[in-house]
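Chemist: Submitted below is the structure of interest, expressed as structure tokens.
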Amino acid sequence: DNKNETVRKQYNLDRQKDDDDWIRISVNAGKRHGGNKYWLNDLLQDYLRPEFNLPSPYKREEGKNYFGLEVYVNYGIEPQTGRPWREHWQAEDIFIARDQEGNVQTHIRCFNGKVPSPPCSHEFNFPPPMKIRAYLSYNRHTLLKWREIQDNAIYIIQSFQASHK
């Protein structure tokens, strides 16, 4: 609750700790946001394209599975410094969950650097019939709970749904 000064101050203090467990939930709703159930496929494909805004495209770590997620890493070299992209201040790893048809249902990007609370950005397709794009932010140290976090976010968001009589 951004309007509650006590909660906001505690949030800012906790974000500086290694064990930060705050989760931010954002939603975009309506036809424009929930009409394309393949939008996460498109997002992943952008990261895999050679012309994407990085020194080289992301590649899947074959045989690696992190808590049920596919792992994608960028092993390119940062042109200005000649150092590995994974050491760049914007370097992220990508984690993907797919449905039974192979479509991306969950797309998570986590900062790769060694900081107390490396952030993750988590996007997923909301279950029908609601037309929602959901975005979560949390600490990379809690990535192992990604499915629990996603399921709880769905539950919380659905609890706001008006009942129709």
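Values in this text are rule-based calculations from the coordinates and carry no lab data. Quantities reported herein were computed from a predicted structural model and do not represent experimental measurements. All Cβ positions, even for glycine, are placed from backbone atoms using ideal geometry, and neighbour counts span all protein chains on display.
Chemist: With springs connecting C-alpha atoms under 10 Å apart, model the chain as a Gaussian network and identify which of SER26, SER137, SER117 has the largest mean-square fluctuation.
Modeler: Looking only at SER26, SER137, SER117, the largest GNM fluctuation is found for SER26.
Chemist: For Cα pairs less than 8 Å apart in space and 6+ apart in sequence, what is the mean separation divided by the residue count of segment 37-165, i.e. the relative contact order in percent?
Modeler: Taking the mean separation of contacting Cα pairs over the length of segment 37-165, I get 15 percent.
Chemist: Go ahead and set up a Gaussian network model of the chain, Cα springs under 10 Å, then flag whichever of TYR135, TYR72, TYR38 fluctuates most.
Modeler: Highest fluctuation of the listed residues: TYR38.
Chemist: Where is the GNM fluctuation largest for the chain (alpha-carbon springs, 10 angstrom cutoff): ARG49, ARG109, ARG86?
Modeler: Its mean-square fluctuation being the largest, the pick is ARG49.
Chemist: Below 8 Å between Cα atoms, with a sequence gap of 6+, how large is the relative contact order for segment 71-113 in percent?
Modeler: 34 percent
Chemist: Here's something else I'd like to know. Counting only pairs 8 or more places apart or on different chains, how many lysine pairs in the chain have C-alpha atoms closer than 15 Å? Intermediate results must be reported in sequence, preceding the final value.
Modeler: Details: LYS9/LYS17; LYS17/LYS114; LYS31/LYS131; LYS37/LYS131.
Lysine pair count for the chain: 4.
Chemist: Rounded to two decimal places and with Rh computed the Kirkwood way over Cα pairs, what is Rg over Rh for segment 108-165? Show your work: numbers first, answer last.
Modeler: Details: Rg = 13.8 Å, Rh = 12.7 Å.
Result for segment 108-165 is an Rg/Rh of 1.09.
Chemist: Can I ask one more? About its Cα centre, how strong a charge dipole does segment 59-112 have in debye, to the nearest 20, once Lys and Arg get +1 and Asp and Glu get -1 at the Cβ? Each step should come with its number before you reach the end.
Modeler: Values: 7 positive and 9 negative charges, 25 e Å.
The calculation lands at about 120 debye.
Chemist: I would also like to ask the following. Computed from these coordinates, which is semi-axes √(5λ) of the Cα gyration tensor in Å: (i) 28, 23, 14; (ii) 25, 19, 15; (iii) 39, 24, 14?
Modeler: Identified label for the calculated read-out: (i).
Chemist: Shifting gears a bit: For segment 113-165, what relative contact order do you get, as a whole percent, if you take Cα pairs closer than 8 Å and at least 6 residues apart? Let's see the in-between values first.
Modeler: Numbers: 37 pairs, mean separation 15.6, N = 53.
Reported relative contact order: 30 percent.
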